[in-house]
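Working notes for the structure below.
FYI, it's all coordinate maths here, none of it is from the lab. Keep in mind that what you see is a predicted model, and the values were worked out from it rather than measured. All Cβ positions, even for glycine, are placed from backbone atoms using ideal geometry, and neighbour counts span all protein chains on display.
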Amino acid sequence: MTANQPVETSPFLVVGVDFGTTYTGVAYTLSNDPDLKSVTIIDRWPGAGTENRPKVPTEISYGPSDERRWGWQLRAGSPRYGGFKLLLDPGAGSRAYNDEHLALTLDPGNQSTQLSLHPGKSATDMVSDYLRLVHEEVMGSLQRTFPNTLNDLKIKFVITTPAMWSPAAQHNTMIAAGVAGFGSRPQDIIETVTEPEAAASYALRQCNSFSVSDSGVNVNSGWQVGKQVIMCDAGGGTVDLVSYEIDQVKPYLRVSETTRPQAKQQAVYVEQPLLTSVFFNSCGSDLGNKLIF
């Protein structure tokens, strides 16, 4: 993995799509801004009203005539599908995610509303349906920002995936993104990057000017070849843990994995038993069986 890599001669747009299990975020910048000083985060989404929200829920619903509502358009208590991203890799099962709740929801015979599929839809179908709605908003935002040049600008879409995504799941992600419209223009391309790689690339760049030791913070220490870094990407659907070693500092930062990525307990399922305990301790039997997450 590299950070601050040399850029192409002609500027192009880099659009990062953080396609998360619970929330999705999108940001973009021009390739001639390697220091990321002019990154724009899309924070206006359908259904959010006048509020600026840097993330949109990764949820979708289907109406009787297949009309779709998604993200902030879905109101509390309304039926919706969420977590369907994980079903792109059903072979991972509970061994990969190490969670009994996820083991149940990945079971095809389970009727969980959280990770079930809409009748007649595959996981790839549902992901492409959701990403198509995201793509429409992204292109609309880019058109407003670059009204006179967007048609001529190359766009590189970079979509995040969990660290332990299988080759089949990587392929399904690319297929779904393509069907959704990403990379549909002749000059555009799609790439994937693992979530901890994306996080590490940004964090290493931002942390390059200081380090923390027993004696405190050392300013302008910089990175050194041979140093190791542990990256923990604690997301709502997956928590990825990867360690990297710095192979090169100049002319650009290059690191390599030193251990196999590990995907462990999801934040959603860490919070669920805690909240359950808090609510039951506070409200007692008044809740009955009505507490649903």
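With a point put 7 Å past each Cα toward its Cβ, work out how far Lys250 is from Ala234 in nm, to one decimal.
A separation of 3.7 nm, rounded to one decimal place.
Could you put Thr160, Thr145 in order, starting from the residue whose Cβ has the fewest other Cβ atoms within 10 Å?
Thr145, Thr160
Mind checking the full-extension length gain between Ile41 and Ile175? Use 0.36 nm per residue of separation minus the Cα-Cα distance, one decimal, nm.
Stretched out fully, the Ile41 to Ile175 stretch lengthens by 45.7 nm.
Could you calculate the contour length gain from Ala168 to Ser122, that is, 0.36 nm times the residue separation minus the distance between their Cα atoms, to one decimal place in nm?
Net length gain for the segment: 15.1 nm.
Run the quick spin-label model on Cys207 and Ala48: label points 7 Å from Cα toward the beta carbon, then report their separation in nm to one decimal.
For the pair Cys207/Ala48, the computed spacing is 2.8 nm.
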